[in-house]
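Report on the following structure.
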Ligand SMILES: Cc1ncc(C[n+]2csc(CCOP(=O)(O)OP(=O)(O)O)c2C)c(N)n1
């Protein structure tokens with residue numbers, strides 16, 4: 001039905017273009033990795049409707065429980081079986097103290113870590129770029145040897161920390177530096193936390 | 001409406017793989033999946049931007065938009081205005097039943113102000129929008145109205161609309177027999193405008209503002225410069241197309 005390209009990993013996107021050989025095409029065919037080839041408008045025999053309604057393998061709207069289950073499984077598998085490669089998180093430095101953060105707080109955290117290192121404190125910085133699907137085995141590996149984790153987030157309700165607790169096992173010693181905007185978290189605030197908690 | 005569309009596409013001898021039907025959300029927006037064409041049943045009110053992108057990327061395709069009065073004039077109203085003036089070569093079919101059918105009977109922008117319903121007791125007290133006059137003011141070059149109960153007449157309008165180079169609006173009176181059963185009377189009430197299309201703005205405005213809202217035909221047709229297409233995509237490979245649009 002199609003040219004299958006090798007499974008992309010390392011954050012490469014995977015685009016499979018369907019080559020229609022018979023006049024029958026299942027746009028949402030269930031495949032081992034959850035990815036199914038897409039036909040391009042203009043390709044004879046490749047017509048389908050991309051539909052937000054739950055659908056069967058052909059793309060035809062369907063309210064059958066079996067279609068719902070198998071298409072949900074397919075979409076989940078596509079995300080779970082994909083190899084996101086090392087770019088799922090940015091890692092910098094090493095040490096018993098680690099800072100876990102994401103998004104716009106990454107830059108002040110990096111700056112604070114550099115200042116802490118200059119003062120003799122070994123700090124590991126972990127910036128998550130992929131929030132879902134969570135990668136518990138990978139984070140566990142990165143946290144080997146880490147004894148204290150400082151979570152830094154620009155949020156009043158500690159949303160990132162709640163997310164981490166829901167998906168990951170963290171070391172026993174965790175502190176959270178959470179603050180709402182609009183005033184951004186500055187390197188000095190992170191540095192103060194790190195130095196206080198040796 | 002479906003019958004009219006099939007007849008028009010058959011008349012134009014367009015292969016189904018060269019036709020893409022883009023829609024938003026609503027009963028009317030379910031049209032793409034009832035065809036053998038390529039389809040995209042998108043999000044509420046956003047069919048026009050999607051179709052615009054597709055047409056600019058793949059100018060060789062015939063791109064048709066299927067929408068409803070809620071989809072096109074409420075949540076999608078702003079896109080509607082700018083699609084009219086941008087004049088990308090699209091055919092925009094708006095099936096107007098003067099109600100939100102899919103969500104069970106709320107008044108839409110084209111609902112009469114005194115339509116009494118459980119959801120709007122004694123009516124909305126808001127004057128209905130005149131979509132064709134709005135389209136004219138916004139710069140559309142082809143403005144027509146059909147009736148879903150007249151598939152042959154509507155098919156003829158669609159043939160002209162698809163052939164028109166630029167944005168073509170086909171407003172189709174489409175009774176909602178569930179929430180507006182009184183619209184069944186449209187069958188007796190619709191009538192042809194019995195006039196040749198005009199290319200004169202003032203004359204078109206006069207026709208639209210003196211119209212009773214139930215006349216069918218082409219009100220306005222003018223050749224305006226369509227939005228220029230600069231894409232040279234002719235690839236049948238997704239990764240090549242994707243690479244072209246990477247910033
Ligand atoms: C963003 C968003 N807002 C609201 C809705 C709820 N909604 C679904 S269909 C619809 C109105 C549909 O009316 P119309 O376009 O006239 O279509 P009809 O069903 O009458 O054909 C609304 C408000 C939605 N699906 N998405």
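Taken together, the values in this text are just the output of simple stated rules run on the coordinates, not laboratory data. These figures come from a predicted structure and were not determined experimentally. With ideal geometry, Cβ positions are generated from the backbone for all residues, glycine too; neighbour counts draw on all protein chains shown.
Summary table below
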item	result
Exposure proxy order (Cβ contacts within 10 Å, fewest to most) of B:23, A:157	A:157, B:23
Share antiparallel - DSSP beta bridges, segment B:2-243, percent rounded to 5	15 percent
Computed helical MRE - 222 nm, chain B, DSSP H runs ≥ 4 contributing -39500 (n - 2.57), nearest 500	-8500 deg cm²/dmol
Kirkwood hydrodynamic radius (C-alpha pairs) into Stokes-Einstein, segment A:2-81, 37 °C and 0.692 mPa s, D in µm²/s	246 µm²/s
Helix axis angle, B:47-57 relative to chain B longest principal axis, alpha carbon, degrees	20 degrees
For chain B, built as a Gaussian network whose Cα springs stay under 10 Å, the top-fluctuating residue of B:130, B:106, B:188	B:188
Crossing angle, helix A:65-80 versus chain A [Cα axis fit, 0-90 degrees, rounded to tens]	50 degrees
Per residue Cα convex hull volume in Å³ - calculated over segment A:85-197	93 Å³
Between helix A:106-118 and chain A: long-axis angle, C-alpha atoms, 0 to 90°, nearest 10	40 degrees
Chain A - mean residue ellipticity at 222 nm from DSSP helices (-39,500 (n - 2.57) per run, n ≥ 4, rounded to 500)	-8500 deg cm²/dmol
Point-to-point label distance, residue B:223-residue A:155, nm (Cα→Cβ direction, 7 Å offset)	5.9 nm
Centroid-to-centroid separation of segment B:26-68 and segment A:114-170 [C-alpha atoms, Å]	44 Å
Neighbour-count ranking [beta-carbon atoms within 10 angstrom, fewest first] of A:63, A:70	A:63, A:70
Whole-angstrom Cα spans of segment B:1-144 along principal axes, big to small	49, 31, 26
log₁₀ of I(q)/I(0) at q = 0.08, 0.16 Å⁻¹ - segment B:2-243, Debye sum with one point per alpha carbon	-0.28, -1.15
Directionally averaged shadow of the protein assembly as shown, computed from the convex hull of its alpha-carbon atoms, nm²	27.1 nm²
Whole-Å semi-axes of chain A's equivalent ellipsoid (Cα gyration tensor)	45, 17, 15
Cα-based radius of gyration of segment B:76-185 once divided by 2.2 N^0.38 Å, which approximates compact folds	1.13
